[in-house]
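Engineer: Input: one structure, supplied below.
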Amino acid sequence: MSGPKSANPAGRAGSAAKRSGWLKQLHQWHWISSAICLIGMILFAVTGITLNHAADIESKPAIVSKTAQLPGELAAPLKPASADEADSKAPVPAPVRAWLTRELGRAIDGREAEWNRDEIYLALPRPGGDAWIRIARDSGEVEFEDTDRGWISYLNDLHKGRYAGVAWSWFIDIFAVACLLFSITGLLILKFHAASRPSTWPLVGLGLVIPALLALLLIH
């Protein structure tokens, strides 16, 4: 009987060491992921509030309108080839884009524009604002309008990923993975400490039950 009794403390010690090792690793992953998520979490939390109260936050859009005239050598290639030319989508030619950038003070990239018999229409939406350019194909007359809705709208659009580009889309995905790692490691750390903290699982359960009840009872 002495053999099993002497082995038992060693087994308990090994289990405790393994538990301590896992807990230390979880804490490391948890603080690293929380550090990565910190600024992003603040941004998304604040913009969650501003989006939820968007109707209550007054904003006065700043609108800038300009007109210009394309030089003849740039306007000529834009003229319709025939009276029955079909509508299409294509980028504005590079020389015209370079001229528009200089003239309007707004960078024009190679995105597709809408071409019809009378005009070329280029939409330039962005976070926190919108812009458009219209070019009359016969005359080369250019109309430009830019709308800036302010920094709150800008941050709200970043929250939604609206017109923010590929780089921001990748950031949101990577940030979401970091948040999942932060949350899952936090849950596992809670599991390790739950035995000595009886209120752990009731509090975790409230985090599920409260939104579930609100969704079931108060959202119609």
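The values are calculated or read from the model by the stated rules, or taken from the named source; none is laboratory data. It should be emphasised that the depicted structure is a prediction, and the values quoted were computed from it without experimental measurement. Neighbour counts run over all protein chains shown; Cβ positions are idealised from the backbone, glycine included. Quick note on the areas: whole protein, heavy atoms, side chains included, nothing else; ligands and nucleic acids left out. Shrake-Rupley method; radii C 1.70, N 1.55, O 1.52, S 1.80 Å.
Engineer: Determine which member of the set T200, T185 is touching a His at 6+ places or on another chain (Cβ under 9 Å), of a type outside the set (A, V, I, L, M, F, W, C) and free of Cβ contacts under 8 Å to residues at least 24 places away in the same chain.
Structural biologist: One residue alone meets the criteria, T200.
Engineer: May I pose another question? Search the stretch 204-220 for residues that are surrounded by 10 or more Cβ atoms within 10 Å (Cβ to Cβ) and pair each with any residue that is assigned to a helix (DSSP H, G or I) when their beta-carbon atoms are under 9 Å apart and the residues are at least 6 apart or on different chains.
Structural biologist: As it stands, the answer is V204/L187; V204/L190; V204/A194, since those pairs meet every condition given.
Engineer: Okay, next question. Could you list, in sequence order, the residues of the stretch 164-192 that are small (G, A, S) and in a helix (DSSP H, G or I)?
Structural biologist: Scanning the stretch 164-192 gives G165, A167, S169, A176, A178, S183, G186.
Engineer: Looking at (1) farther than 30 Å from H159 by Cα; (2) hydroxyl-bearing (S, T, Y); (3) under 29 Å from the mean Cα position of the chain (by Cα), which one does S139 not meet, given that it meets all the others?
Structural biologist: Going through the list (1) farther than 30 Å from H159 by Cα; (2) hydroxyl-bearing (S, T, Y); (3) under 29 Å from the mean Cα position of the chain (by Cα), S139 breaks only (3).
Engineer: Within the bounds of the stretch 155-163, is there any residue that is in a loop (DSSP other than H, G, I, E, B), at pLDDT 95 or above and buried (at least 17 other Cβ atoms within 10 Å of the Cβ)?
Structural biologist: no
Engineer: Would a scan of the stretch 32-44 turn up a residue that is more than 21 Å from A136 (Cβ to Cβ) and either modelled with pLDDT under 90 or surrounded by fewer than 10 Cβ atoms within 10 Å (Cβ to Cβ) (or both)?
Structural biologist: Checked against the condition, which is being more than 21 Å from A136 (Cβ to Cβ) and either modelled with pLDDT under 90 or surrounded by fewer than 10 Cβ atoms within 10 Å (Cβ to Cβ) (or both), the stretch 32-44 yields no hits at all.
Engineer: Right, another one. Of the conditions (1) basic (K, R); (2) farther than 30 Å from D130 by Cα; (3) at pLDDT 85 or above, R19 satisfies every one except a single condition; which number is it?
Structural biologist: (3)
Every residue, every condition in (1) surrounded by 13 or more Cβ atoms within 10 Å (Cβ to Cβ); (2) without any contact (Cβ under 8 Å) to a residue 24 or more places away in the chain, yes or no:
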{"site": "L78", "(1), (2)": "yes, no"}
{"site": "A81", "(1), (2)": "no, yes"}
{"site": "A90", "(1), (2)": "no, no"}
{"site": "V96", "(1), (2)": "yes, no"}
{"site": "L100", "(1), (2)": "yes, no"}
{"site": "A107", "(1), (2)": "no, yes"}
{"site": "G110", "(1), (2)": "no, yes"}
{"site": "L122", "(1), (2)": "yes, no"}
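Engineer: Could you please find all residues in the stretch 128-152 being free of Cβ contacts under 8 Å to residues at least 40 places away in the same chain and assigned to a loop (DSSP other than H, G, I, E, B)?
Structural biologist: Listed by number, the list holds a single entry, G128.
Engineer: State whether the residues of the stretch 49-56 include one that is of a type in the set (D, E) and either surrounded by 14 or more Cβ atoms within 10 Å (Cβ to Cβ) or over 23 Å from W132 (Cβ atoms) (or both).
Structural biologist: The answer is yes, given that some residue of the stretch 49-56 is of a type in the set (D, E) and either surrounded by 14 or more Cβ atoms within 10 Å (Cβ to Cβ) or over 23 Å from W132 (Cβ atoms) (or both).
Engineer: Every residue in the stretch 109-127 that is in a loop (DSSP other than H, G, I, E, B) and within 17 Å of L78 (Cα to Cα), please.
Structural biologist: Correct list: G110, R111, N116, R117, D118.
So that you can scan it fast, the table gives a plain yes or no per residue for (1) among the charged types (D, E, K, R); (2) assigned to a helix (DSSP H, G or I); (3) modelled with pLDDT under 95:
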position: A10; (1), (2), (3): no, yes, yes
position: Q25; (1), (2), (3): no, yes, yes
position: A68; (1), (2), (3): no, no, no
position: A83; (1), (2), (3): no, no, yes
position: R97; (1), (2), (3): yes, yes, no
position: A107; (1), (2), (3): no, no, yes
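Engineer: Here's a follow-up. Checking G21 against (1) open to solvent by 60 Å² or more (accessible area, probe 1.4 Å); (2) free of Cβ contacts under 8 Å to residues at least 24 places away in the same chain, only one condition comes out false. Which one?
Structural biologist: It is condition (1) that G21 fails.
Engineer: If you take the residues of the stretch 142-151 that are under 20 Å from the mean Cα position of the chain (by Cα) and surrounded by 14 or more Cβ atoms within 10 Å (Cβ to Cβ), which of them is farthest from T47 (Cα to Cα)?
Structural biologist: Checking each candidate, the answer is D148.
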